[in-house]
Amino acid sequence: MTDSSVPASRNSGAFTPRRKLGRKLAPWLFLAPGMIMFLVYVIIPIGQSMWISFFQWDGLSPKSWVGIENYIELLDDEAFYTSLKNNVIWLVLYMLAIPFGLFIALFLNQTVRGIRIYKSLFFFPFVISQVVVGLIFSWFYAPGFGLLFELTKIFGGEGIAVLANPHTVTYGIIVAGLWPQIAYCMILYLTGLNAVAPDQIEAARLDGAKGIKMLWYVVLPQLRPATFIAVVVTVIGALRSFDLVSIMTDGGPFGSSRVLSYYMYEQALSEYGYRMGYGAAIAVVLFAIMMIFISGFIWKMWRDERGL
Amino acid sequence: MNILKTTALTALVGALAMPAMAEQRVLKLFTDASDPAPKAAFEQLVAGFEAENPDVTVEVNTFDHEGYKTAIRNFLTADSPDLANWYAGNRMAPFVKAGQFVDVSDVWEENGLKDSLSSALSSMTIDGKQWGVPYTYYQWGIYYNKDVYAKAGVEEPTTWDEFISNCEKFQEIGVDCLTTGTKALWPAAGIFDYLDLRTNGYDFHMQLTNGEVPWTDERVRNVFAEWAKVVPYTSKNVAAIDWQDAASNIVQGKAANYVMGNFAVATFKDGGMTNDTLGFMDFPTINPNIPRAEEAPTDTIHIPAGAKNVEDAKKFLAYLARADVQSAVNATLGQLPINKNSEVGDDPFLQQGFEVLSTAEGGIAQFFDRDAPAQMAKAGMEGFQEFMAYPDHLDAILERLEKMRQRIYKD
């Protein structure tokens, strides 16, 4: 990144005021389409959601102002705490995708005949739709005909129906979610591994480093950008987990696998919902949680860029 | 498809020849009839209406059945058709209260519908006015596997006690007495509704779904006490099973009974059951002193407040209410007509259902998720699902529902 002000200042004497103005204006003109889009489709809706969260509204009748009543109700809502707890479980367990992805990437980072085929096979779950992933796993778990159910029946006598049990259901869904997420992290690390400097590996090897030590002290530090992106996508993925919950359980049994994003949808938009205000309040809470992470990420990126 | 083509063609011809045939009026109908049988029924309905009213062209816009439930909220306010189909009971209440449906009491009055559609009058009435015209319903009840009954050596029960004692016999031969699949929640509500209708009766059930009775009431507990008797004999893990998958338990003889609506007959028959192996019975009696009430969800057509051609829309509703039209439409749908002068197809399940519904002196409920407001329905059905898995959570469930009731019915 070279300093653009250098050539400008050298030539500044040649500029007429009009061209100077053009220089100032041009970046904004180029940014404008993106900024307008961002404003209309991101910033304004965020504001609107917050505004709606202070109303009671069914989407049809006129809105009625209730102040922070929706938030007070949230505090006393079991389903909200279930969703929050599940979101935390998602967040923690989803992180497993990163070490697993790294492991598979290291494993696949070799030159064997046909390695491209293996790589694509490992990447496959990320390519297929989450809906398909959810369906495959719900059949896998299905009581009566699912593979897992039948296997546990053979070995344990009684089949385990993961998705029917409120204690196991969230974990069952997370496992399904990890499958594509691991593939995603793997591909991030595979590209990262391409950029690892071979001379450093060589040098480390001459110094006698190998195995875990080589990985920890030589390879991983070079993979830091890949790890950063993997953490970001995994955190965001965990927080906005929705498709799998919707496909596999509809939040059930009796609401025990809800997460915040699903609960928001249920309250605001589903067949039995249409409490726009309450749904918006949940959205605001989810947004606040996401903001903690997002600002953390942005702060780190900003710091890294200044460090350069 | 043909209808669409004809409509498109007529529209095109109409547009080209506008000055010549200016009197051709258009009636826009939005429907969720996306499944084959309902779709055919609507095509038939529209063709019949157009034949009788050559100066009206009906434009049908068919939505996906599930997507329609969301779409209706948008199109009623944004781009309103002249006619839209929906459901009776509390399901139409939000639209009526928001002023989105036109009062069609005059159609009822002029065509004597209060008499001919009397069985659906109460479920179509809000604030003493009628808000749409019902055209079809179907019975709920217990569908059972006759072969399994023969194998266990038991007879069709008429009382709940007999039903439970049959369950012991089924258990001896390794068959689940009752099966269901509550992944989508609503199948559990069918069981609750019938237990409540049989234990406390129609009036109490309506008070409960209208939020006039606390969920912690002793009479509600009595319902769950009856339910608890059958829980040990019910299939396991039903919370993770779709209703269609549970139907295969009946087909394969792994379970004996299934509380379901008549639409499930097609699923049972697809699985290989016939009129000889599939049986239907009315839900057994619990309290013999209570007038027998039944459950029959009703489908309706309404005129949205934003309709442009209200006059022809009312003509269409009057046509829809006619006995001969309802006979024909329901023959295609495989369901029951509401008009009491209509004829029922010769399908044994429809015949039985018609008999059961037309002799129900207690009243006809619409189903829990149509009788109760949407949020209460959702919370209630989750409670039922939880109760089936953990009967000992009953106190917590009822307290939660009571808390919901106090909030939901507040305004």
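Computed from backbone phi, the HN-Hα couplings of region B:293-305 come to 10, 10, 10, 8, x, 10, 9, 9, 10, 10, 9, x, 4 Hz, rounded to whole numbers (Karplus: 6.51 cos²θ - 1.76 cosθ + 1.60, θ = phi - 60°; Gly and Pro given as x).
Per the Debye calculation on chain A with a single equal scatterer at every Cα and no solvent contribution, log₁₀ I(q)/I(0) for q = 0.15, 0.16 Å⁻¹ amounts to -1.24, -1.30.
Of the chymotrypsin sites (Phe, Trp or Tyr not before Pro) found in region A:251-292, not one falls in a DSSP loop while having at most 15 other beta-carbon atoms within 10 Å.
Length available on full extension from B:N61 to B:E23: 0.36 nm per residue minus the Cα-Cα distance, which gives 11.5 nm. Compactness check for the protein assembly as shown: Cα Rg over 2.2 N^0.38 Å is 1.15.
Quick check: net charge around A:G59, other residues with Cβ under 12 Å of its Cβ, Lys/Arg +1 and Asp/Glu -1? Write out the running numbers ahead of the final one.
Numbers: positive: A:K63, A:R275, B:R73; negative: A:D58.
In short, +2.
Computed over region B:128-251, the Cα gyration tensor eigenvalues convert (square root of 5λ each) into semi-axes of 28, 19, 15 Å, ordered from largest to smallest.
What's the FRET efficiency of B:V231 with B:M281 using the Cβ-Cβ distance as r and R₀ = 22 Å, to the nearest 0.05?
Numbers: r = 20 Å, r/R0 = 0.93.
Plugging the Cβ-Cβ distance into 1/(1 + (r/R0)^6) gives 0.60.
The three principal axes of the C-alpha atoms in region B:272-369 carry coordinate ranges of 49, 34, 26 Å, sorted with the longest axis first.
Compute the signed sum of charges (Lys and Arg +1, Asp and Glu -1) over the other residues within less than 15 Å, Cβ to Cβ, of B:V238.
Details: positive: B:K183, B:K236, B:K254; negative: A:D250, B:D176, B:D242, B:D245, B:E382, B:E386.
Once positives and negatives cancel, what remains is -3.
Counting only DSSP beta bridges with both residues in chain B, what percent are antiparallel, rounded to the nearest 5? Write out the running numbers ahead of the final one.
Values: 21 of 38 bridges.
Expressed as a percentage, antiparallel bridges in chain B total about 55.
Excluding same-chain neighbours fewer than eight residues apart, the aspartates and glutamates reachable from A:K24 by a Cα-Cα span under 20 Å are A:D3. The accessible area of B:D176, taken with all protein chains in place and a 1.4 Å probe, comes to roughly 50 Å².
Spin-label model, A:V112/B:E355: points 7 Å from Cα along the beta carbon direction are separated by 7.0 nm. Amide hydrogen proximity for B:N257: with H placed 1.01 Å from N in the peptide plane, the residues at 5 or more positions away or on another chain lying under 5 Å are B:L178, B:T179. How large is the translational diffusion coefficient of chain B in µm² per second when you combine the Kirkwood radius over alpha carbon pairs with Stokes-Einstein at 25 °C and 0.890 mPa s? After rounding, the answer is 109 µm²/s. The mean number of partner chain beta-carbon atoms within 10 angstrom of a residue's beta-carbon across peptide B:235-244 is 6. Within chain A, helices built from complete DSSP H runs that reach 27 Å or longer along their own axis (Cα positions) and carry a mean Kyte-Doolittle hydropathy of -0.5 or higher are A:17-38, A:169-194, A:276-307.
A viscosity of 0.890 mPa s and a temperature of 25 °C, combined with the Kirkwood radius over C-alpha pairs in the Stokes-Einstein formula, give region B:349-409 a diffusion coefficient of 181 µm²/s.
Charge dipole (Cα centre; +1 on Lys/Arg Cβ, -1 on Asp/Glu Cβ; no other charges) of chain A amounts to roughly 1740 debye. Principal-axis analysis of the Cα atoms of chain B puts helix B:348-358 at an angle of about 90° to the longest axis.
Exceeding 24 Å between C-alpha atoms, which entries from my cross-link table qualify? They are B:K129/B:K314; A:K63/B:K69; A:K85/A:K119; B:K314/B:K340; B:K69/B:K254. Exceeds cut-off: A:K85/A:K119; B:K69/B:K254. Which stretch or stretches of region A:292-308 have amide N atoms under 18 Å from the point lying 7 Å from A:L31's Cα along the Cα→Cβ direction? Backbone N within reach: A:298-299, A:302-303, A:305-306.
Listed by chain and number, the lysines whose alpha-carbon sits under 20 Å from that of B:K403, ignoring those within fewer than 8 places in the same chain, are B:K378.
Calculate the FRET efficiency for A:A203 and A:E305 from the Cβ-Cβ distance with a Förster distance of 25 Å, rounded to the nearest 0.05. Before the final figure, lay out the partial values.
Values: r = 28 Å, r/R0 = 1.13.
Efficiency, from the Cβ-Cβ distance: 0.30.
What's the longest piece of chain B with no exposed GluC sites (Glu not before Pro), counting a site as exposed if DSSP puts it in a loop and it has at most 11 other beta carbons within 10 Å?
Numbers: sites that count: B:E23, B:E155, B:E212, B:E361.
My reading of the result: B:213-360 is the longest stretch.
Within straight-line reach of A:K300, meaning a Cα separation under 19 Å, there are no lysines at least 8 residues removed in sequence or on another chain. A Förster distance of 45 Å, applied to the separation of the beta-carbon atoms of A:I89 and B:D395, puts the FRET efficiency at 0.95. Remark: spin-label model distance A:H167-B:Q244 equals 3.3 nm, labels positioned 7 Å along the Cα→Cβ axis.
Legend: mean number of C-beta atoms from other chains within 10 angstrom of residue C-beta atoms, peptide A:158-164, equals 4.
Where in chain A lies the longest segment free of trypsin sites (Lys or Arg not before Pro) that are both loop residues by DSSP (not H, G, I, E, B) and have at most 13 other Cβ atoms within 10 Å? List each step's numbers first, then the result.
On the way: sites that count: A:R113, A:K210.
With a cap of 13 other Cβ atoms within 10 Å, the longest stretch comes to A:1-112.
Please give the residues of region A:46-87, grouped as numeric ranges, whose backbone N is less than 15 Å from a label point set 7 Å along the Cα-to-Cβ vector of A:M291. Inside the label zone: A:46-54.
Against chain B, whose longest principal axis is taken from its Cα atoms, helix B:36-52 shows a tilt of about 30°.
The values are calculated or read from the model by the stated rules, or taken from the named source; none is laboratory data. Given the structure is predicted, the values throughout are model-derived calculations rather than measurements. Because the Cβ atoms are built from the backbone with ideal geometry, glycine has one as well, and the counts that use them run over all protein chains shown. We work out accessible area using only protein heavy atoms, side chains counted, and drop any ligands, DNA or RNA first. Shrake-Rupley method; radii C 1.70, N 1.55, O 1.52, S 1.80 Å.
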